[in-house]
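Undergrad: First the structure, then my questions, so here it is.
Derivation of every value follows stated rules applied to the coordinates shown; laboratory data play no part. Keep in mind it's a predicted model, so treat the numbers as computed, not measured. Don't worry about glycine lacking a Cβ; one is built from the backbone with ideal geometry, like all the others, and counts go over all protein chains shown.
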Amino acid sequence: MTVTGASALRRMADFDLTEPQRQVRAAVREFAEREILPTVEQHERDGVYPREIIGRLAPLGFLAPMIPESYGGSFSDVLTYGIVCEELARVDWVVASAVSVANSLVGTSILKFGTSEQKQRWLPLLATGEILASACLTEPAGGTDLASMKTRATRIDGGWELSGSKVFISHAAEAGVFLVAATMDPNLGHRGVTMFLVDPSVDGIKVSPLPMRTLQRDNVAEVHFDDVRVDDKALLGEVGGGFPILGTALDTGRFSVAARCVGQAQRALDLTLPYAMDRRAFGQPIGGFQMVQQKIADMICRTEAARALVYRLGRMKDAGVERCSMEASMAKLLASEAATQNALDAIQVHGGYGFSSEYEVGRLLLEAKTLEIGEGTSELHRKLIAEFGLGIR
Ligand SMILES: Cc1cc2nc3c(=O)[nH]c(=O)nc-3n(C[C@H](O)[C@H](O)[C@H](O)COP(=O)(O)OP(=O)(O)OC[C@H]3O[C@@H](n4cnc5c(N)ncnc54)[C@H](O)[C@@H]3O)c2cc1C
């Protein structure tokens, strides 16, 4: 049988997946293209958060692939979860991010470190989509250096008082649970960091929109904690035990972000291939010019290299390797830079139309670039990878 260009690309992406994993990819892609894609540009223009669409993921099993069935989730292997994130991100950053935050950052932290009461309280709500989640980590004075956070957790009778501010918090206005990192004493560094599960409706929490150049439909926000009182049941894990929780959460978080980057890189490629064959210059399709072909070749190679790293990371996690921090940094670094570079190349091949609001590729660029910043900047990941390699971490 002749393998055409398109089927060769599909064969590579699906080559070593199991049949159920291929079926999940096909089902998520079909849903995403039919139900989500037609809404994205309008949501972005109007600043409308896609809450209703996210709710529709639950009955299909796409909302909670990391939450066990006993809590109402659709528990899958880690690689399948990555494929869900990849395919959702291929059409919408925000929907994919909602799944990734709820499963990786918040759901996994509750599963691994929560009491049985916390699991019973929060996981079924997250799994059914009744509530969404936000992770409140970054502060106005810095996100990379988390050990220097300023948000204070002060012991009071029967619980804790939280005071401080967090910035760039995705989904905050829609969330029904916040995973909050705070310090008992900034002088303690990472040993002072403690995690809490907080109901956003309690007194003293204010969510204010943070004007952004991109992702208007995400409603990225600042979250202020003004002497917020929570009881002991809000404490996640040990007092001062926040860093190991963050380590586990970000380890899985970086896997899902990397998978989302593969989806975005793939989308830029999928939009560019037909454009290059349709658009004509000097009497021929621009795809016939070697300099355009060079970009397309690089886009294909980047996407597949990133996908290979991400899928291998998923398989390592499925094989039970507990912490894969170096591999997570490698996958996140390579995939996020691939997504940005593919968006740049896609714009170049689209010429002036790359900036037209009629075409997706311009929007993809800033959205991809955010993924080089969130859950660890490229600089941080290069530092971590080098330190692992040098044996000083
Ligand atoms: C769209 C979007 C959504 C986000 N969503 C969330 C969210 O839901 N929850 C949340 O908590 N945060 C969120 N963030 C915040 C994100 O995690 C932080 O922006 C990120 O961690 C970087 O922190 P910072 O912006 O404070 O930059 P800084 O930490 O101030 O860093 C600034 C620059 O200095 C560099 N730098 C810092 N330290 C070093 C070093 N040691 N070596 C070399 N270079 C260094 C950085 O790489 C960066 O280039 C989001 C951000 C964006 C853009």
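Undergrad: Once the chain is represented by equal point scatterers at the alpha-carbon sites, with solvent omitted, what log10 I(q)/I(0) does the Debye formula produce at q = 0.07, 0.11 Å⁻¹?
TA: The Cα Debye sum returns log10 ratios of -0.31, -0.77.
Undergrad: Can I ask one more? Using the Cα gyration tensor of segment 134-240, with a ≥ b ≥ c the square roots of its eigenvalues, what is the shape: rounded (a/c below 1.5), prolate (a/b larger than b/c) or oblate (neither)? Kindly include the intermediate steps, with their values, before the conclusion.
TA: Numbers: a/c = 2.16, a/b = 1.40, b/c = 1.54.
Note, shape of segment 134-240 comes out oblate.
Undergrad: Could you tell me how many degrees, from 0 to 90 and to the nearest 10, lie between the Cα long axis of helix 116-128 and the main elongation axis, the longest principal axis, of the Cα atoms of the chain?
TA: 30 degrees
Undergrad: Determine the gain in length on full extension of the stretch Glu52-Arg22; use 0.36 nm per residue of separation and subtract their C-alpha separation, reporting nm with one decimal.
TA: On the way: separation 30, 0.36 × 30 = 10.80 nm, distance 2.63 nm.
Once the chain is fully extended between Glu52 and Arg22, it gains 8.2 nm.
Undergrad: Counting other Cβ atoms within 10 Å of each Cβ, which chymotrypsin sites (Phe, Trp or Tyr not before Pro) in segment 237-289 have at most 16 and sit in a DSSP loop?
TA: Values: sites: Phe255, Tyr275, Phe282, Phe289; in loops: Phe282, Phe289.
In loop regions of segment 237-289 (DSSP not H, G, I, E or B), the sparsely surrounded chymotrypsin sites (Phe, Trp or Tyr not before Pro) are Phe282, Phe289.
Undergrad: For Arg323, list long-range residues whose amide hydrogen, built 1.01 Å from N in the peptide plane, is under 5 Å from its own amide hydrogen.
TA: The list, which skips near neighbours in sequence, is empty: none.
Undergrad: Still on this structure, I have one more. If you average the sequence gap of Cα pairs under 8 Å that are 6 or more apart and divide by the length of segment 134-240, what percent do you get for the contact order? Each step should come with its number before you reach the end.
TA: Values: 253 pairs, mean separation 33.8, N = 107.
For segment 134-240, the relative contact order is 32 percent.
Undergrad: While we're on this one: Projecting each Cα onto the charge dipole of segment 293-393 (Lys/Arg +1, Asp/Glu -1 at the beta carbon, about the Cα centre), which of Leu309, Ala368, His350 comes out farthest on the positive side?
TA: The residue sitting most towards the positive pole is Leu309.
Undergrad: Compute the helix-to-body angle for 37-46: its Cα long axis versus the longest principal axis of the chain, expressed 0 to 90° and rounded to tens.
TA: 60 degrees
Undergrad: Quick one: which residues, 5 or more positions from Arg279 or on another chain, have an amide H under 5 Å from its amide H? H modelled 1.01 Å from N in the peptide plane, none for Pro or chain starts.
TA: Ile286
Undergrad: I'd like to know which of Ile67, Ala276, Thr214 lies farthest towards the positive end of the charge dipole of the chain, counting +1 on Cβ of Lys and Arg and -1 on Cβ of Asp and Glu.
TA: Ala276
Undergrad: Could you tally the net charge around Arg152, taking each other residue with its Cβ under 9 Å from the Cβ of Arg152, Lys/Arg +1 and Asp/Glu -1? Could you put the intermediate results ahead of the total?
TA: Numbers: positive: Lys150; negative: Glu161, Asp185.
That sum, taken over residues with Cβ under 9 Å, equals -1.
Undergrad: A further question follows. Taking Cα pairs under 8 Å and at least six residues apart, what relative contact order does the chain come out at, in percent? Walk me through the numbers on the way to the answer.
TA: Numbers: 716 pairs, mean separation 59.5, N = 393.
Relative contact order, the chain: 15 percent.
Undergrad: If you don't mind, another one. In nanometres, what is the gap between the two model label sites at Ile156 and Ala141, each 7 Å from Cα along Cα-to-Cβ?
TA: Between Ile156 and Ala141, the label points sit 2.2 nm apart.
Undergrad: Where does helix 242-278 land angle-wise versus the long Cα axis of the chain, in degrees 0 to 90, nearest 10?
TA: Once rounded, one gets 20 degrees.
Undergrad: Another question, then. Which lysines does Lys150 reach when only Cα atoms under 21 Å apart count, and residues fewer than 8 places away in its own chain are ignored?
TA: Cross-link targets: Lys166, Lys206.
Undergrad: Counting only helical runs of four or more DSSP H residues, what would the 222 nm mean residue ellipticity of the chain come to if each run contributes -39,500 (n - 2.57) and the total is spread over all its residues? Intermediate values should be presented prior to the final figure.
TA: On the way: 13 runs with 199 residues, N = 393.
Theoretical 222 nm ellipticity from helices: -16500 deg cm²/dmol.
Undergrad: For the residue pair Asp226 and Asp298, what label-to-label distance in nm results when each label sits 7 Å from Cα along the Cα-to-beta-carbon direction?
TA: 5.0 nm
Undergrad: HN-Hα J couplings of segment 158-164 from phi, Karplus 6.51/-1.76/1.60, θ = phi - 60°, integer Hz, Gly and Pro as x?
TA: Each residue's phi maps through the Karplus curve to give x, x, 9, 10, 10, 9, x Hz.
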